[in-house]
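Student: My structure is below; once you've seen it, I'll send some questions.
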Amino acid sequence: VPGNVAVLAGRFLYVGQRGEETFEAAEVLRGDGRHMIPGLGDIHLHIESSMITPKTFSHGILKNGGTTVVSEPHEMANVFGLEGVQAMIAASEGCPADILYAIPSSVPATKLETTGGEIGIAEMDELMKMD
């Protein structure tokens, strides 16, 4: 739909037909014949499965329209426990994309696993206290 868009502080402020807006633009970008969408998000993925750092991963998703992901670092938790999850979170600070974290809930998945890491109630509680 042809129209105008106003963005304020990185968020859509207005979307409407041409001529209806009453804003004074600090910058005008011509988008004739192009499409615009808000940033895309993925609410469940495992960054560590990509074998790259969160920062490198964030650059890759931004190039493809992604702006936000929720990573569930169960592989890190399986091997390194609480410290591994905290390290993933720390490695995501300052990334250009928004990287949020889900708390792994079944580490180890069964009592037969001997990978070394464990996330129990105490570890979940510790992760919930993080910003």
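Quick note: the coordinates plus some simple rules give every number you see, no bench work behind them. Computed from a prediction, not measured in an experiment: that's the story for all the values here. Virtual Cβ from ideal backbone geometry, glycine too; neighbours counted across all protein chains shown.
Student: In the stretch 16-91, which trypsin sites (Lys or Arg not before Pro) are in a loop and have at most 11 other Cβ atoms within 10 Å, using DSSP for the loop call?
Tutor: Working: sites: Arg18, Arg30, Arg34, Lys55, Lys63; in loops: Arg18, Arg30, Arg34, Lys63.
Passing both the DSSP loop test and the Cβ count: Arg18, Arg30, Arg34, Lys63.
Student: Mind ordering 107-116, 74-83 by average Cβ neighbours within 10 Å, highest first?
Tutor: On the way: 107-116: 11.7, 74-83: 19.8.
My ranking of the peptides, most packed first, is 74-83, 107-116.
Student: Follow-up question, since we're still on this one. Computed FRET efficiency, Cβ-Cβ of Lys55 and Val15, R0 35 Å: what is it to the nearest 0.05?
Tutor: Details: r = 32 Å, r/R0 = 0.91.
For R0 = 35 Å, the calculated efficiency reads 0.65.
Student: May I ask you to derive the FRET efficiency for Asp125 and Ala87 from their Cβ-Cβ distance with R0 = 22 Å, giving the value to the nearest 0.05?
Tutor: For R0 = 22 Å, the calculated efficiency reads 0.75.
Student: What distance in nm separates the simple spin-label points at Lys63 and Ala102, each placed 7 Å from Cα in the Cβ direction?
Tutor: Rounded to a tenth, the inter-label distance reads 2.7 nm.
Student: Also: Pairs of alpha-carbon atoms within less than 8 angstrom and 6+ residues apart define the contacts here; what relative contact order does the stretch 12-101 have, in percent? Don't skip to the answer; put the middle values down first.
Tutor: Values: 94 pairs, mean separation 25.9, N = 90.
Across the stretch 12-101, relative contact order equals 29 percent.
Student: Report the calculated FRET efficiency for Leu29 and Leu112 (r = Cβ-Cβ distance, R0 = 41 Å), to the nearest 0.05.
Tutor: With R0 = 41 Å, the Cβ-Cβ based efficiency is 0.15.
Student: Which of the following values of Rg/Rh (Cα atoms, Kirkwood Rh) was calculated from the structure shown: (1) 1.08; (2) 2.01; (3) 1.16?
Tutor: Of the listed options (1) 1.08; (2) 2.01; (3) 1.16, (3) comes from this structure.
Student: Mind checking the stretch 1-57 for GluC sites (Glu not before Pro) that DSSP puts in a loop (not H, G, I, E or B) and that have at most 10 other Cβ atoms within 10 Å?
Tutor: Glu20, Glu24, Glu27
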